[in-house]
Amino acid sequence: MDNKFEPLSQEDVVSIEPRINILVSHQTFKVDECIRNLQRKISLTDEQRDKWFLGEGEVAEVLRPGSSGWQKGRIRISLEFCPEEPKSLSPLDGIEQQMDEFNP
């Protein structure tokens, strides 16, 4: 996995293992439901919720390792997904399979 996380849209449906469902009470849910449950668990005004989860974000600074200092910008919360890369087949896989069939 190359950690290529992609933001999920509000309407995307997610399925998780039962042992990790910390924000919803069931395995399958829309991203919007998960975000709403998270918003309820933390005390924010409607305006703050919109900024943190949907809008322009809140003013923030980030200090990254190796950087020359603090970088000003904005921060917001989203749910992201990193798809697993299917195992790529080697061009030799087909040849090896054919050889196995001829030489049992």
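The values are calculated or read from the model by the stated rules, or taken from the named source; none is laboratory data. Everything quoted here is computed from the prediction, not taken from an experiment. Please note: Cβ atoms are built from the backbone with ideal geometry, for glycine as well, and neighbour counts cover all protein chains shown.
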Practice problem: Find the residue count for the stretch 29-46, including only residues that are over 21 Å from the mean Cα position of the chain (by Cα) and modelled with pLDDT of 85 or more. | Solution: 0
Quiz item: From the set of residues in the stretch 28-42 that are aliphatic (A, V, I, L, M) and surrounded by 11 or more Cβ atoms within 10 Å (Cβ to Cβ), which is nearest to residue 84 (Cα to Cα)?
Solution: 31
Quiz prompt | Close pairs from the stretch 69-82: first part of a strand (DSSP E or B), partner surrounded by 14 or more Cβ atoms within 10 Å (Cβ to Cβ), Cβ under 7 Å, at least 6 apart | solution = 74/57; 75/57; 80/8; 81/8
Quiz item: How many residues, within the stretch 10-27, are under 12 Å from the mean Cα position of the chain (by Cα) and surrounded by fewer than 10 Cβ atoms within 10 Å (Cβ to Cβ)?
Solution: 0
Practice problem: Filter the stretch 17-48 for residues that are part of a loop (DSSP other than H, G, I, E, B) and touching a residue at least 12 places away in the same chain (Cβ under 8 Å) and give the result. | Solution: 23, 24, 27
